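Some notes on the structure that comes next.
The values are calculated or read from the model by the stated rules, or taken from the named source; none is laboratory data. Since the structure is predicted, the reported quantities are computational estimates derived from the model, not experimental observations. Virtual Cβ from ideal backbone geometry, glycine too; neighbours counted across all protein chains shown. Protein only, heavy atoms only, side chains kept; ligands, DNA and RNA dropped before computing areas. Shrake-Rupley method; radii C 1.70, N 1.55, O 1.52, S 1.80 Å.
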Amino acid sequence: MSSQRGVVCFSHGQEGGPDGTKIRALTPLAEQAGWRVESLDYRGIDDPADRIEKLFTWCMQQPTPVLLVGSSMGAAVSAAVAHRIAVTGLFLMATAIYVPGYEAFNPLPLRCQATLVHGWRDEVIPYRNGLRFALECQGRFTLLAGDHGLGDADSLERLKALFQQFLASHGKG
C-alpha cells in the first residue's frame, strides 16, 4: 500500500541494529496501515546526544507526519526528540530512562501522546522507571511479562497488538 499517512521511524537500542527482532515484527504492521517505514542505524554511535541529533536531523527533513518508535536507548532518544519537536506520536519499549550516569537524558515534557511498554522481568531498566515516565508524561503504560528485550513469543504478540492499536489511534484524518 502506498503511504501518504506519514512515516514510522524505528530507533534501536544500544546493542541492537536497524533490523532487530521487534523492528522486523512491527514493520509489516506499519506498512499495512499505510505508513512508510524507516529504521535508522545508530551502530557505532555510542553517545546518546549524537543519536538524538541524528534522529532530530532526520525528523526535520521529513515532509510528512512522523511516528517515533524506539526500544531501550532508542526509546530514550525518541522521547528526547519528541521534547524538542512535535511529532505525531511515540511508541516506546523498555525505555532507558532514569539511568545512573545518564541523568542529562532523563525525559522532559513531551509534545505528543506516548504509549509505553515495559517488561516485568526487565533486568536492565526496571519497569518502575517506565511507569514513572508514563505517569509524568500522562502516557499509556502496559506491563508485559517479558524481559528487557521483549523478544519472547508472548511479548512479541502483545507488542504487535499494542502497536496496531497505537497505529489505529494515529490513522485518523
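Just a yes or no: is a residue in the stretch 129-152 among the aromatic types (Phe, Trp, Tyr) and either within 28 Å of Gly6 (Cα to Cα) or modelled with pLDDT under 95 (or both)?
The answer is yes; a qualifying residue exists.
Check Gly34 against each of (1) of a type outside the set (A, V, I, L, M, F, W, C); (2) open to solvent by less than 20 Å² (accessible area, probe 1.4 Å); (3) touching a strand residue (DSSP E or B) at 6+ places or on another chain (Cβ under 8 Å) and name the one condition it does not meet.
(3)
In the stretch 130-173, what residues are without any contact (Cβ under 8 Å) to a residue 60 or more places away in the chain and among the hydroxyl-bearing types (Ser, Thr, Tyr)?
Thr142, Ser155
Taking into account only those residues within the stretch 73-117 that are hydroxyl-bearing (Ser, Thr, Tyr) and open to solvent by less than 30 Å² (accessible area, probe 1.4 Å), which is farthest from Leu55 (Cα to Cα)?
Ranking the qualifying residues of the stretch 73-117, first place goes to Thr115.
Within the stretch 21-42, track down each residue that is closer than 19 Å to Ala94 by Cβ, in contact with a Gly (Cβ under 9 Å, 6 or more places away or on another chain) and either part of a strand (DSSP E or B) or free of Cβ contacts under 8 Å to residues at least 60 places away in the same chain (or both).
Ile23, Ser39, Leu40, Tyr42
Tell me, yes or no, whether the stretch 110-117 has at least one residue that is at positive phi, modelled with pLDDT under 95 and assigned to a loop (DSSP other than H, G, I, E, B). If you could, list the steps in order and put the result at the bottom.
The initial filter retains those residues of the stretch 110-117 that are at positive phi, namely none.
No, that holds for no residue.
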